[in-house]
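The values are calculated or read from the model by the stated rules, or taken from the named source; none is laboratory data. Source: prediction; values computed, not measured. Note: ideal-geometry Cβ built from the backbone for every residue, glycine included; neighbour counts use all protein chains shown.
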Amino acid sequence: MSDYVARLRALVGTTPLHMPTACVVVHDTEGRLLLVRKADSDLWSVPGGAVEPGERPEEAARREALEETGLEVAVTGLHAALGGDRCRTVYPNGDVLVYVAIVYRAVVVGGRERADGEEVSELGWFSPEALGGLGREGFVDLLIDEGLLTVS
């Protein structure tokens, strides 16, 4: 939890917070998708996280990708903006967040693959055929349902 969210939580308790987030959908030259296994849920998702106060969403997407995966990415375009009930998360401590997610397409331009060991326990590249059998976060299902990711 960022200092910003911690300060808000001190004021509002577990009341739902609307949180701007940014993430990246990254494919390699073989068409595989970069996913990260979230340490808290053990489920796979796309790299991303909260947009900090004063930060541009595109900057947040690049920062989160680097923090979580060790990879530098270049944003190649806006993929989607998503929100609503399917972006609602209730944490084990009762905190409720409702995300408005800005989803970017991106490519790897540098860095070295490594999971951060805090938020992300593992990362991997997955073909569309492999996505169907993965334990994945609901946000990935939303991306699939919206036609933003392909599952074979």
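To keep it simple, each residue is scored yes or no on (1) free of Cβ contacts under 8 Å to residues at least 60 places away in the same chain; (2) within 20 Å of Trp125 (Cα to Cα); (3) out of contact with any helix residue (DSSP H, G or I) (no Cβ under 9 Å at 6 or more places or on another chain); (4) aromatic (Phe, Trp, Tyr).
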{"residue": "Val12", "(1), (2), (3), (4)": "yes, no, yes, no"}
{"residue": "Leu17", "(1), (2), (3), (4)": "no, no, no, no"}
{"residue": "Val25", "(1), (2), (3), (4)": "no, yes, no, no"}
{"residue": "Leu78", "(1), (2), (3), (4)": "yes, no, no, no"}
- Item | Check on Glu64, surrounded by fewer than 18 Cβ atoms within 10 Å (Cβ to Cβ), modelled with pLDDT of 95 or more, not in a strand (DSSP E or B) and not polar (S, T, N, Q) | no
- Message: Suppose we filter Val100, Val75 for residues that are more than 13 Å from the chain's Cα centre (by Cα), modelled with pLDDT of 95 or more, over 16 Å from Leu149 (Cβ atoms) and assigned to a strand (DSSP E or B); which single one remains?
- Response: Val75
- Item | Set Val120, Val75, Val100: member being touching a Phe, Trp or Tyr at 6+ places or on another chain (Cβ under 9 Å) and surrounded by 15 or more Cβ atoms within 10 Å (Cβ to Cβ) | Val75
- Message: Restricting to region 103-138, give me the number of residues that are outside any loop (DSSP other than H, G, I, E, B), closer than 18 Å to Glu30 by Cβ and of a type in the set (Ser, Thr, Tyr).
- Response: 0
- Consider only pairs whose beta carbons are under 9 Å apart and that are at least six residues apart or on different chains; among these, list those whose first residue lies in region 110-126 and is hydroxyl-bearing (Ser, Thr, Tyr) and whose second residue is surrounded by 12 or more Cβ atoms within 10 Å (Cβ to Cβ). Ser121/Val36; Ser121/Arg37; Ser121/Lys38; Ser121/Ala39; Ser121/Ala115
- Message: Pro57 - would you say it is within 23 Å of Val5 (Cα to Cα), within 15 Å of the chain's Cα centre (by Cα) and either at pLDDT below 95 or surrounded by 14 or more Cβ atoms within 10 Å (Cβ to Cβ) (or both)?
- Response: yes
- Query: Gly133 versus (1) at negative phi; (2) surrounded by 12 or more Cβ atoms within 10 Å (Cβ to Cβ): which is the lone unmet condition?
  - Reply: (2)
- Query: Can you name every residue in region 12-41 that is at pLDDT 95 or above and either hydroxyl-bearing (Ser, Thr, Tyr) or loosely packed, with under 11 Cβ neighbours inside 10 Å (or both)?
  - Reply: Thr21
